[in-house]
Amino acid sequence: MAVVKRLFIKASNNYDSDFQIVPINTNQPLEIKSDIGVFKLLINLKKFDGSQPHLSNSLYNQGDKTFLNGEKLDFNEKELKEDGPEPNLRINIEFTPKEDIKGGDLVFGNDFTYSIKDYVPTTLLSTGLKLFNWFINDTVKGDIYNAKPYLYGLALNSFSYIGINQKPKEVVDTNAKPMNFKENIDKVIENGPTTSSERKKFFNTKEKCDQFTFKSGTNYDFQFDTDFLKLSDSKYLVSIPRFDIDVSKYANDTLNNVNWVIKKDGFDGVGSGTLGLIINFALRTEEQKEE
């Protein structure tokens, strides 16, 4: 039998336990309760060739009528697509805080619970920092050479879309990358931004982010879109204009997973602050029958 690596995506409220498998492309939310509030998570990913734990709960693409194992859906799939091109990866999160959280305290980003500098070339690490242009602002903190590398920004200027009890979303510009959406933060901040692109420019410092408060009991819709990652058919490519870098070729028994994190405070590194949501993307080694 051939050995292959396939994506395994799971979520929890901490790094060590209580992980649940995330259904992919089904638009069926996974609920995670945490110390800072409740999260409802949806992930859509083009051409998802998932690992064995996903076979009975995930779809290859949105709109498919059978699971990866060929069994028919046992629910009515909700239609969530907006007008415009579908990104390679879309993460939708509904967040209901259990306490008021200042905008300058809600962190979103990536981290590893192990060192990666011995496995990934320094030039690639440096390039990776430049790739995530959705993070390039004065609120970014990171250290990719740390024993536990991280790259954190603030939720208010990192997500592709933020809505306050606002459904469905309205696209302003489908040609923007990521797409530009109409938003309603101006309802709670006088002369505040009215679109996602305006929001990212408006909340460009921690001081400006602190003008906004995530209120206890209010539903906030977060959406993160990216074409910089290509995860189709369990490939793990970082996409740069004109060519792709196959990150999966560096994978081994240690370098095989990365976290997407939402937490309160904790800019100082992995383990600091109060954890909310941990989404773990891993490459799982499996045997594949020869055709």
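What per residue convex hull volume, in Å³, comes out for the stretch 1-115 when only alpha-carbon positions are used?
Working: hull volume 19.3 nm³, N = 115.
It comes to 168 Å³ per residue, whole-number rounded.
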Determine, for K264, K33, the number of other Cβ atoms within 10 Å of each Cβ, and report the residues in order from fewest to most.
K33, K264
Given R₀ = 45 Å, what would the calculated FRET efficiency be for N219 paired with A2, taking r from the Cβ atoms and rounding to 0.05?
0.50
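Here, each number is a calculation from the coordinates, and none is a lab measurement. Note that the structure is predicted; figures quoted are calculated from it, not measured. Counting neighbours? That spans all protein chains shown, and the Cβs are built from the backbone with ideal geometry, glycine included.
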